[in-house]
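Here the structure comes first, spelled out in structure tokens, and everything after it is commentary.
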Amino acid sequence: MYATIVGHETRVLAKTPALVWVLLLLIAAVVFGAWSASNTVARNSAGGQAIGGYEQSLRDRMRADLAKYEAKVKASGGTLEFAAVNHAPGEGPPQATNAGAVGSETAAYAVLPPTALAALSIGQSDINLAYIPVNMRNVVDVTKENEIENPVNLKTGGFDVAFVVIFLMPIFILAMSYDLLSSEKERGTLAMVLAHPISLAKFMASKLISRLVVMIAVVLAFGLGAVAATGGDLANADTLVRLALWFGATVLYCLFWFALAVLVNARGAGSATNGIVLAGSWLLFVVVVPTLVSLLATTLYPAPSRFDFTTAAREAQTKAEFERMQALDQYYYDHLELVPDGDKKANDFLTLAMANSAAVEKAVLPLYQRFQAQLDAQEATVARFQYLSPAIMMQRAMNDIAGTGPGRYAHFMDQVFAFHRAWQEFFTAKFLKREPLTTADYDRIPRFSYAEESLGAVLGRLAPSLIGLLLVVAGLTTAAFAGLRRYRVAG
Amino acid sequence: MAEASLTRPSPPSMIGIVARKEFTETLRDGRFKWTAAIMALLLLTALASGWQRYAAYAEMQAAAQGTSNTQWLKQGDKNPHSAAHYGNYAFKQAGSLSFFDSGIEPYTGNLLFMEAHKQNLAISRPANDMSAVTRFGEINGATILQILMPLLIIFLGFAAFAGERERGTLRQLMSMGVSRQELMWGKALGIGGAAMLAIVPCLAVGTAVLAALDVSAAPDLGARVGVLALAYGAYGLIFLFLTLGVSALLGAPRNALIVLVGFWAFSVFLAPKTAAEISKLVHPSPSLGEFQAEMKADQVRGLDGVPTAAKFGKYVRELMAQYNVESPMKLPMYFPALRMQKLEEFDHVVFDHHYNSLRDTYMAQRRLQDALGVFAPVLPLTSASMGLAGSDLLHHDTYTQAAESHRRLMVERMNGYLSKAAVDLNGVSNSSNYMTADEEVFAIVPPFAYAPPDVRAVLAEYGGGLGLLFAWLLAALGFALFAASRFRLDVR
Amino acid sequence: MLEATGLSKKYGDLDALKGLNLSIKSGDIYCLLGANGAGKSTTINLFLNFIDPSGGTATVNGLDVTKHPLETKKFLAYIPETVMLYGNLTGFENLAYFAKLGGHDEYTDADLKNFLKQVGLQDDAFDKRVSAYSKGMRQKVGVAIALAKQAKALLLDEPTSGLDPKASNEFSELLKQLQKGGAAILMATHDLFRAKETGTRIGIMREGKLMRELSTDEVSHADVERIYLEHMH
């Protein structure tokens, strides 16, 4: 019986030109979404490679200078000397021997690689910088840059598969099911059908299955195909699990909208009224509630003022410069083992700059950490209110699955901070001891390599959204089919 | 309209009669009460929160700019070039009507470090400090009018003809001697009037807020508000006429509804993103890494292929020949200061090239998106609305350019002072690194301030888009009148 | 086959049907006459279990329709004023679909075409979309559905209203065929002439009550009209 109705419904759908066009449009949107998002992914990667490569080439040139100098020293039988920091290169040892200069004037880029599914959801990857220049500057300066993109486009948001799934798919689902029952009633075929031995619930379920199958097949097949075609490597365990989660979340989200359509149809109103109610619901769940939750989160936990932060950092800088000697003493005091022999008050520009920078960092770090704290509080608020809108749950899930959400970025930034410490320790130790760098040291310069977060961590973040979605869908479906029991075919 | 009343002698009050009936009928509709109430509530929320944010930001910006300008003066005695390294910050002003349309403000940096040797990008983008959920968009007066107003109009008007046709009253109505055009105008007036009722609270609050604004600070505020009102009015009318036209031409109300809601969703959600992607394809813009790597490379190798070092060498040789000396140190000026300023000037060309091309690319992307407004009227409206609210690319560009001009002035004055003071100090000195300047010297650089572009510049930039919007209005009106001349009286 | 016992339906204060007692056996064509709102359609909807009765029972083949909503429908066929079909599908596809819904998936294409032939649908219409069908053609497909379902009872709600006399006549002939096959037929109609011609019994309803029952072989056309008008005053 199910097969009969599903077959029939599919045939009817296939013979409705408008729906065929809608499906073709959906396919086009999925493919376009995956393709354009993969452009954004590629653009970010190109950025990291370009600037990372440029900085690496600077260090390579320094290493080449050093190799020449080492050869010269070896030939003359002397010892390696430590170069002073100055603007104009002259005779003597090259700057390449000065750890402070190398560590300050070149940067190593800590790069966050995209996941294989990055093209499924741009998330925050168009505003969060995926390559952080790490050098001797303090942590505040190191992390101050943002990825650049036309702000007009950032406001509009990217056209990715997540957009198609979260925004467009519900429209298509509602377009093919807003009149699921009402049209059959208006055409009179509902009475014809129900004069046969089939229950309304079963009839409805069959109609749903046919539409669900069509929808899922289109979105999943083309979404997957597009990701594979745009260079996503789909063949490892991590990717497969993420993919399965994406499937699951998408199917649940589809079900939500179908169940909503059934619920509204079960009220027994006409097609036009159903259309209005469903279009209104779409607007409510996909636009109004998310923007209100966003307003709530940013009003409850506004980011601290970057302006105040900047002027405070300035204040600290001026103070550090006023007290430069004290700062320098303090700095050496913290690193007593590093004080060079016979040079207790190295009044060197670079040392001072580094000392000042450290002083500023120390002064503003509590303020700086409040940015992340407030951001975390905002996300926690959104997490609490996400159950009001399946679109919010879905957005969070999509971003986490594609690895473009705040969770994975925070995981990356933690590693960046650790790498920054390692970099500073490596160069500071050699610099303060005035120990000349050797080519062998260049091979020991810390390198950043991103350690992917565990799937457990991803699942932990995803679970509330997915379980929430599941419960909402279950509740809605129950309510919808309960509503069908009260449906009146006539009278 | 004038023609219609000339050729048809029926009294013009026909339109009034139809309009009054439509108005009353719409007001009694439960759907209207609900949607209008929700819309009014959202508008009030959006305007209130927008105002609160705008006021807090404006206060913060003024305070921070003042503090930073003072910090420049009070940075402590030091070498003037070191002072240029210490620099100053430029804080971006809020658009004068950004409480209504915050535009791109969440997505642009709003503080810019002005320092020696480097032209920086504006940093501190608010969106980076906000939850990912904000990417659903910001609820503000503009987005509500852009997104919700058309839907409200569609809900109120999709059944205007199709519903009467279905109930059979259309045939009866036409038998009363109403002309088709009169019917169309009457319905437009009645339904448009009802829709206005939902927007009136917004107008009231807007006016109250404007009254509270310090108009003397922005003398063109009235003009901005006026053009904004015209643009949004045109936008609403476009949807009103399209809705009535579709309702007249399509058989059943449900068909009219699905077509109109489909167009709305396409126009408001699909078209902007598609247009953005198309504009990115046609005018690709670099990522930060590419931008920086290219610019740094050009600073060394020179835009014209002549390396900066070679250019500088040539300049110094010419200078030595001019003064007839064998060493740059023997020049009758403080060479380090000269060198710093000259290298700075070589960089200006490179900075200008890269920053201008980035700006031009963004502008070109936006203009292309406006032009794609032939498919969706919301595109030019969004742009013009941001422009008039002062929260667009044009205002951002004015800000960053003002900051760069100020930076160049600051560096030039500090280097110039260093050069001159060093000569005054030592005759021909080469050891003036230890020369210090104080607050009085730093004061030769004026405090940073800038004026946003005025409404004429805004209209010059967005005039084309606004023209397109009014072309849409004419087309929609034409379509509605065409539909009026063609609609059928019965479903089949 | 079709039996109503004390069957009532109330909508608020309005009595749409008051204690209807009715029994229609195999081979009967029972014609319900009455003004609009007399309760004819309500009766049919009650037999279809589209609405719940306020009192009494309706049984099909001895089964209470409210207790056995699906089983009873195996015996029923329903032909409304206009047989509504899926406009995008052909007559043949519609028949195939409804036959399967009726639980008959044993038919071959030839069998199904045979049903369409049997009801007199012209061959070239089989594979045309139903949206192009006239009302008479739709009614024929409706009968074909009933045939394919092998229905033991037919519920017809003004099936000939709006049909031209020729089509109406053809439809009556089809009903007689079904009757010979042993079906019990309940038909609501306004057509006094057809009721006398085709029906075996006539029931006259007014304001939800069955006022009078007649056997068609005991009265003339004129009697039917006279008695009907008597009850309408």
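The values are calculated or read from the model by the stated rules, or taken from the named source; none is laboratory data. These numbers were taken from a predicted model, which means no experiment stands behind them. Please note: Cβ atoms are built from the backbone with ideal geometry, for glycine as well, and neighbour counts cover all protein chains shown.
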(request) Among the residues of segment C:1-43, write down those that are touching a residue at least 60 places away in the same chain (Cβ under 8 Å), away from every other protein chain (no Cβ under 14 Å), in a strand (DSSP E or B) and not aliphatic (A, V, I, L, M). (result) C:Lys18, C:Gly19, C:Asn21, C:Tyr30, C:Cys31, C:Gly34
(request) Would you check if B:Lys296 is in a helix (DSSP H, G or I), within 13 Å of chain A (Cβ to nearest Cβ) and under 30 Å from A:Phe163 (Cβ atoms)? (result) no
(request) Report, by residue number, each residue of segment B:401-455 that is at pLDDT below 85, surrounded by fewer than 18 Cβ atoms within 10 Å (Cβ to Cβ) and in a helix (DSSP H, G or I). (result) B:Lys420, B:Val423, B:Asp424, B:Leu425, B:Asn426, B:Asn433, B:Tyr434
(message) Just checking, does segment C:194-216 include any residue being buried (at least 20 other Cβ atoms within 10 Å of the Cβ), under 30 Å from C:Val141 (Cβ atoms) and touching a His at 6+ places or on another chain (Cβ under 8 Å)?
(response) yes
(message) Here's a check for you: in segment B:118-145, which residue that is more than 11 Å from chain A (Cβ to nearest Cβ) and surrounded by fewer than 24 Cβ atoms within 10 Å (Cβ to Cβ) is nearest to B:Asp490 (Cα to Cα)?
(response) B:Gln119
(message) Report every pair of residues separated by at least 6 positions or lying on different chains whose Cβ atoms are under 9 Å apart, first residue within segment B:474-488 and among the basic types (Lys, Arg), second surrounded by fewer than 20 Cβ atoms within 10 Å (Cβ to Cβ) and not in a helix (DSSP H, G or I).
(response) B:Arg488/B:Gly251
(request) Considering each of A:Ala101, A:Ala50, A:Ala110 in turn, give the residue that is surrounded by 18 or more Cβ atoms within 10 Å (Cβ to Cβ) and outside any helix (DSSP H, G or I). (result) A:Ala110
(message) Would you confirm, using the coordinates I've provided, whether B:Ala188 is within 19 Å of the chain's Cα centre (by Cα), modelled with pLDDT of 90 or more and not in a loop (DSSP other than H, G, I, E, B)?
(response) no
(message) Please determine whether any residue of segment B:99-117 is touching a Ser or Thr at 6+ places or on another chain (Cβ under 9 Å), of a type in the set (A, V, I, L, M, F, W, C), more than 10 Å from chain A (Cβ to nearest Cβ) and part of a strand (DSSP E or B).
(response) yes
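Output yes when any residue across segment A:4-11 is crowded, with 20+ Cβ neighbours inside 10 Å, over 41 Å from the mean Cα position of the chain (by Cα) and either assigned to a loop (DSSP other than H, G, I, E, B) or not basic (Lys, Arg) (or both), and no when none is.
There is at least one residue in segment A:4-11 that is crowded, with 20+ Cβ neighbours inside 10 Å, over 41 Å from the mean Cα position of the chain (by Cα) and either assigned to a loop (DSSP other than H, G, I, E, B) or not basic (Lys, Arg) (or both).
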(request) Give me a count of the residues in segment B:240-287 that are more than 11 Å from chain A (Cβ to nearest Cβ), within 18 Å of A:Met176 (Cβ to Cβ) and of a type in the set (S, T, N, Q). (result) 0
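Residues checked against (1) closer than 30 Å to B:Gly177 by Cα; (2) aliphatic (A, V, I, L, M); (3) within 14 Å of another protein chain (Cβ to nearest Cβ); (4) outside any helix (DSSP H, G or I):
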| position | (1), (2), (3), (4) |
| --- | --- |
| B:Lys21 | yes, no, no, no |
| B:Thr24 | yes, no, no, no |
| B:Arg31 | no, no, yes, no |
| B:Leu42 | no, yes, yes, no |
| B:Gly66 | no, no, yes, no |
(request) Return the only residue of C:Tyr78, C:Tyr97 being within 13 Å of chain A (Cβ to nearest Cβ) and in a strand (DSSP E or B). (result) C:Tyr78
(message) I'd like to check something: does segment B:127-141 contain any residue that is free of Cβ contacts under 8 Å to residues at least 40 places away in the same chain and under 19 Å from B:Ala248 (Cα atoms)?
(response) no
(request) Return the only residue of A:Arg187, A:Arg211, A:Arg242 being within 14 Å of another protein chain (Cβ to nearest Cβ) and over 30 Å from B:Ser285 (Cα atoms). (result) A:Arg187
(message) Could you check segment B:151-181 and list, in sequence order, the residues that are away from chain A (no Cβ under 14 Å), more than 39 Å from the chain's Cα centre (by Cα) and part of a helix (DSSP H, G or I)?
(response) B:Thr169, B:Leu170, B:Arg171, B:Gln172, B:Leu173, B:Met174, B:Arg180
(message) Being within 14 Å of chain C (Cβ to nearest Cβ) and over 30 Å from A:Leu352 (Cβ atoms): is that true of A:Ala195 here?
(response) yes
(request) Please state which of the following conditions C:Asn49 fails to meet, knowing it meets all the rest: (1) facing chain A (nearest Cβ under 7 Å); (2) part of a loop (DSSP other than H, G, I, E, B); (3) of a type in the set (S, T, N, Q); (4) crowded, with 19+ Cβ neighbours inside 10 Å. (result) (1)
(message) Looking at segment A:130-174 only, could you name the residues that are of a type in the set (A, V, I, L, M), surrounded by fewer than 21 Cβ atoms within 10 Å (Cβ to Cβ) and within 7 Å of another protein chain (Cβ to nearest Cβ)?
(response) none
(message) Could you list, ordered by first residue, the pairs with Cβ atoms under 6 Å in which the first is in segment B:62-75 and of a type in the set (A, V, I, L, M) and the second is assigned to a helix (DSSP H, G or I), at least 6 apart or interchain?
(response) B:Ala64/A:Phe307; B:Ala64/A:Thr311; B:Leu73/B:Glu439; B:Leu73/B:Phe442
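Yes or no, residue by residue, for (1) among the hydrophobic types (A, V, I, L, M, F, W, C); (2) within 30 Å of A:Tyr178 (Cα to Cα); (3) crowded, with 16+ Cβ neighbours inside 10 Å; (4) at pLDDT 80 or above:
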{"residue": "A:Thr299", "(1), (2), (3), (4)": "no, no, no, yes"}
{"residue": "A:Ser305", "(1), (2), (3), (4)": "no, no, yes, yes"}
{"residue": "A:Thr311", "(1), (2), (3), (4)": "no, no, yes, yes"}
{"residue": "A:Gln317", "(1), (2), (3), (4)": "no, no, yes, yes"}
{"residue": "A:Leu328", "(1), (2), (3), (4)": "yes, no, yes, no"}
{"residue": "A:Glu379", "(1), (2), (3), (4)": "no, no, yes, yes"}
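Answer yes if at least one residue in segment C:130-137 is closer than 27 Å to C:Asn36 by Cβ and in a loop (DSSP other than H, G, I, E, B), and no otherwise.
The answer is yes, given that some residue of segment C:130-137 is closer than 27 Å to C:Asn36 by Cβ and in a loop (DSSP other than H, G, I, E, B).
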(request) Please specify each residue of segment A:332-374 satisfying the condition of being surrounded by 14 or more Cβ atoms within 10 Å (Cβ to Cβ), modelled with pLDDT of 65 or more and among the aromatic types (Phe, Trp, Tyr). (result) A:Tyr368, A:Phe371
(request) Can you tell me which residue among A:Val264, A:Val251 is more than 14 Å from chain B (Cβ to nearest Cβ) and modelled with pLDDT of 90 or more? (result) A:Val251
